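Notes for the one structure printed next.
The values are calculated or read from the model by the stated rules, or taken from the named source; none is laboratory data. Given the structure is predicted, the values throughout are model-derived calculations rather than measurements. A quick note on method: Cβ atoms are made from the backbone with ideal geometry, for glycine too, and the neighbour counts reach across all protein chains shown.
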Amino acid sequence: MRGGMVVGLLGGIGSGKSTVASLLAESGAEVVDADRLAHEVLRTPEGRSRVVSRFGREVLGSDGELDRKRLAAVVFADRRSLEDLNAIIHPAVLAEILARVRSHRAGARRGSGSASGLLVLDVPLLSESPLRNDCDALVFVDAEREVRQERLRARGWDSGELERRESFQAPLEEKSRMAGFRIDNSGSLEETRAAVGRLVASLLARGPGDGEIKEKG
């Protein structure tokens with residue numbers, strides 16, 4: 001593999017992008033979890049202060065720390081609120097991800113010939129982000145709507161929450177068209193693990209710089 005390949009994950013809410021990212025990590029890939037980075041930003045004194053200043057103390061829990069569920073209820077009820085939260089979080093998260101991409105491109109894992117040559121971006125709203133242009137390949141993680149709804153009910157989401165949150169994102173059809181690869185994550189974990197194995201083999205057979213990849217199945 002020539003240098004390091006950057007792979008972006010796309011998909012709907014509840015499709016299992018994090019599951020696919022974890023399986024890619026098991027294969028040896030390096031995964032950048034943007035949600036984790038965002039949580040780290042919110043845990044900093046500056047991040048917490050800016051969020052409370054914008055949204056009020058009602059987004060705090062009884063321990064005085066940010067309550068993610070309360071914050072989500074506020075920002076997903078109003079597009080402007082979501083945009084304001086993103087303005088607080090995204091600059092620091094974007095800077096960290098770009099630094100990781102540059103390090104990977106510099107060849108820290110060059111010539112590995114294995115999944116360790118892959119840098120995987122698990123980034124919400126990647127399809128709307130300029131980070132999409134830093135990806136050598138995009139993978140659409142798909143799952144049947146009924147399966148996604150059941151997963152979200154298991155998380156305690158109310159009926160209609162999936163539709164409400166997806167209204168803030170690009171349509172699934174648009175995300176699917178962007179991607180060169182598709183993984184069906186509607187079945188068992190072992191089925192998805194096998195699909196991830198095939199994906200890794202296909203990515204490594206090409207490598208960065210080989211032109212646009214189009215292989216869906």
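In this structure, Ser62 qualifies as of a type outside the set (Phe, Trp, Tyr), outside any helix (DSSP H, G or I) and loosely packed, with under 11 Cβ neighbours inside 10 Å.
Would you mind stating whether Ile88 is touching a residue at least 12 places away in the same chain (Cβ under 8 Å) and in contact with a Leu (Cβ under 8 Å, 6 or more places away or on another chain)? Considered against the rule, which asks whether it is touching a residue at least 12 places away in the same chain (Cβ under 8 Å) and in contact with a Leu (Cβ under 8 Å, 6 or more places away or on another chain), Ile88 comes out as no.
Considering only residues in the range 122-144 that are of a type in the set (A, V, I, L, M, F, W, C) and closer than 16 Å to Ile13 by Cα, the one that is modelled with the lowest pLDDT turns out to be Leu125. Between Ser159, Ser114, the distinction of being under 19 Å from Ser22 (Cβ atoms), surrounded by fewer than 15 Cβ atoms within 10 Å (Cβ to Cβ) and modelled with pLDDT under 90 belongs to Ser114 only.
Tell me yes or no: at least one residue of the range 77-91 is under 25 Å from Glu174 (Cα atoms), assigned to a helix (DSSP H, G or I), basic (Lys, Arg) and at pLDDT 90 or above. Yes, the range 77-91 contains a residue that is under 25 Å from Glu174 (Cα atoms), assigned to a helix (DSSP H, G or I), basic (Lys, Arg) and at pLDDT 90 or above. The residues on offer are Ala137, Ala195, Ala143, and the sole one that is surrounded by 13 or more Cβ atoms within 10 Å (Cβ to Cβ), touching a Phe, Trp or Tyr at 6+ places or on another chain (Cβ under 7 Å), of a type in the set (Gly, Ala, Ser) and farther than 18 Å from Asp35 by Cα is Ala137.
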